[in-house]
1. Treating the beta-carbon of each Lys and Arg as +1 and of each Asp and Glu as -1, no other charges, what is the dipole magnitude of the chain about its Cα centre, to the nearest 20 debye?
2. Among the lysines, which fall within straight-line cross-link reach of residue 178, defined as a Cα-Cα distance under 24 Å, with same-chain neighbours fewer than 8 residues apart omitted?
3. With just the Cα atoms defining each centre, how far is region 1-55 from region 129-180? Give it in Å.
4. Among 172, 162, 150, pick out the residue whose Cα is farthest towards the positive end of the charge dipole of region 83-180, where Lys and Arg carry +1 and Asp and Glu carry -1 on C-beta, about the Cα centre.
5. Before rounding to the nearest 500, sum -39500 (n - 2.57) across all DSSP H runs of length at least 4 in the chain and divide by the residue total; then give [θ] at 222 nm in deg cm²/dmol.
6. Place +1 on the Cβ of every Lys and Arg and -1 on the Cβ of every Asp and Glu in the chain, take the dipole about the Cα centre, and give the residue among 29, 71, 106 whose Cα lies farthest towards its positive end.
7. Evaluate the charge dipole of region 76-159 about its Cα centre and quote only its size in Debye, nearest 20, assuming +1 on the Cβ of each Lys and Arg and -1 on the Cβ of each Asp and Glu.
8. Compute, for region 8-53, the length of the dipole vector about the Cα centre, with Cβ point charges of +1 (Lys, Arg) and -1 (Asp, Glu) only. Units Debye, rounded to 20.
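Here, each number is a calculation from the coordinates, and none is a lab measurement. Remember, predicted model here, so these are calculated numbers, not experimental data. A quick note on method: Cβ atoms are made from the backbone with ideal geometry, for glycine too, and the neighbour counts reach across all protein chains shown.
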Amino acid sequence: MKNDLIDFQAIGDERGYLVSFEAKRNIPFDIKRVYYIYGMNDKPRGFHAHKKLQQFLVCVSGSCKVLLDNGQDKKEYVLNQRNQGLIVKEMIWHEMYEFSEDCVLMVLASDFYDESDYIRQYEVFKSLIERETLEFREYDRATLECSYSWLNDPEIKFLTMTPDFTKESQENWFVSLKKI
Ligand code: T46
């Protein structure tokens, strides 16, 4: 998974630091909502993905860990820099945990709160990801030749309920496809 951490310029002088976020300038979406969570304990939060929402997480006080999971790879991030944030795009499963006592996690979001945008069951998330990554291709002769060994693999044969077949019967079936 590519690095989703973004560093921001902190403008500092003898009075302290200032960090600013601007929609579509240093934040890659229009900001429609800002919220923050605080007073966390050892109970992890998150455990969902959003269908369309994009978010940007900044730990403005203390620290926490965030796990991002795109359905194929998982990556853990530590948020403990005031001038660094984590992009959480749509269809990314996220979990937050190991909050320090003083943790305040601020979130910039691309849309208003909408519970119907949430996917809160991991199995549903996984099946939606798998559907997105399915690739359709022509059933050509190369596929036919590969499929002979796939379909004779005992586990695949069992799972797909494929009956016994010969190369010749498979060839006849393939030729018949062209007539449809
Ligand atoms: C994320 C982390 C950091 C609202 O009414 N409005 C809102 O804008 C939000 C975000 C939540 N809620 C309600 C929905 C629930 O009844 O507040 C309750 C707690 O929300 P949730 O269980 O989603 O809280 P977290 O901390 O598990 O997750 C939230 C965001 O949903 C999530 O995307 O990144 O904060």
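1. Values: 24 positive and 31 negative charges, 79 e Å.
Result for the chain is approximately 380 debye, rounded to the nearest 20.
2. Candidates past the 8-residue exclusion: 167.
3. One Cα centre to the other: 47 Å.
4. Working it through, the farthest residue towards the positive pole turns out to be 172.
5. On the way: 4 runs with 40 residues, N = 180.
Calculated at 222 nm, the ellipticity per residue is -6500 deg cm²/dmol.
6. Selected residue: 29.
7. On the way: 8 positive and 19 negative charges, 45 e Å.
In debye, rounded to 20, region 76-159 gives about 220.
8. Working: 9 positive and 5 negative charges, 91 e Å.
The dipole of region 8-53 has a size of about 440 debye.
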